[in-house]
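In what follows, a single structure is set out as structure tokens and then discussed.
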Amino acid sequence: FIGKNTNIHSRCIFHGIANSKFSVNEEEYSIYVGDDCQISSNALIHGPTIIAKNTFVGKGVVVFGSKIGEGSVIRDGSGVFGVVLSPGSFVEAGRIIQTQEEADSLPRLNCHESLFWQELISKNIKS
């Protein structure tokens, strides 16, 4: 599932698994990307994965078997593997997140940072 106003750049790969799914709004999905997201070039999204609305996924990011909270930012070249990111999580460029402890220790975006990323996503959708 790809939500409305979501911008997917070139050379992205979405690889779902038929019998491995998460539930969203009482529906089952191998990959679910919410509304108003940006998935940048060369990203790999491997199911089962949920990317909640208003999330930015940078260039070359790998998300594998994870739940990404609303309004999160995953910067270029990062990897998120088998964890749950809280809403508003910030993954710096090149960081690899492989344990829930690492995911829980990530910084959260403040309201000014969130606004910056939402404006960036919005501009890319309109262009």
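Before moving on, here are some points about what is shown:
- Filtered residue count, segment 1-30, keeping only those that are touching a strand residue (DSSP E or B) at 6+ places or on another chain (Cβ under 7 Å) and assigned to a loop (DSSP other than H, G, I, E, B): 7
- Considering only residues in segment 38-60 that are without any contact (Cβ under 8 Å) to a residue 24 or more places away in the chain and crowded, with 20+ Cβ neighbours inside 10 Å, the one that is farthest from G16 (Cα to Cα) turns out to be T55.
- A Cβ distance below 6 Å, combined with a sequence gap of six or more or placement on separate chains, defines the contacts here; from segment 70-99, residues that are over 15 Å from C111 (Cβ atoms) reach residues that are among the acidic types (D, E) in the pairs R75/E92; A93/D76.
- Complete set of residues in segment 96-116 that are at pLDDT 95 or above, open to solvent by less than 70 Å² (accessible area, probe 1.4 Å) and out of contact with any strand residue (DSSP E or B) (no Cβ under 8 Å at 6 or more places or on another chain): T99, E102
- Checking each residue in segment 74-93 for being of a type in the set (V, I, T) and more than 9 Å from V62 (Cβ to Cβ) picks out I74, V83, V84, V91.
- Residue match in segment 76-94 (condition: more than 14 Å from the chain's Cα centre (by Cα) and either over 21 Å from R11 (Cβ atoms) or open to solvent by 30 Å² or more (accessible area, probe 1.4 Å) (or both)): yes
- Only a single criterion out of (1) among the hydrophobic types (A, V, I, L, M, F, W, C); (2) part of a helix (DSSP H, G or I); (3) touching a residue at least 12 places away in the same chain (Cβ under 8 Å) is not satisfied by L115, namely (3).
- In segment 7-37, residue farthest from V84 (Cα to Cα) [restricted to those that are open to solvent by 30 Å² or more (accessible area, probe 1.4 Å) and hydroxyl-bearing (S, T, Y)]: S10
Conditions (1) more than 21 Å from F1 (Cβ to Cβ); (2) touching a Pro at 6+ places or on another chain (Cβ under 7 Å); (3) assigned to a loop (DSSP other than H, G, I, E, B), marked per residue:
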site: Y32; (1), (2), (3): no, no, no
site: D36; (1), (2), (3): no, no, yes
site: K59; (1), (2), (3): yes, no, yes
site: V80; (1), (2), (3): no, no, no
site: A93; (1), (2), (3): yes, no, yes
site: E101; (1), (2), (3): yes, no, no
site: L106; (1), (2), (3): yes, no, yes
site: I121; (1), (2), (3): no, no, no
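The values are calculated or read from the model by the stated rules, or taken from the named source; none is laboratory data. Worth saying up front: this structure is predicted, and the values here are computed from it rather than measured. For neighbour counting, all protein chains shown are included, and Cβ atoms are generated from backbone atoms with ideal geometry for every residue, glycine included. Accessible surface areas use protein heavy atoms only, side chains included; no ligands, DNA or RNA. Shrake-Rupley method; radii C 1.70, N 1.55, O 1.52, S 1.80 Å.
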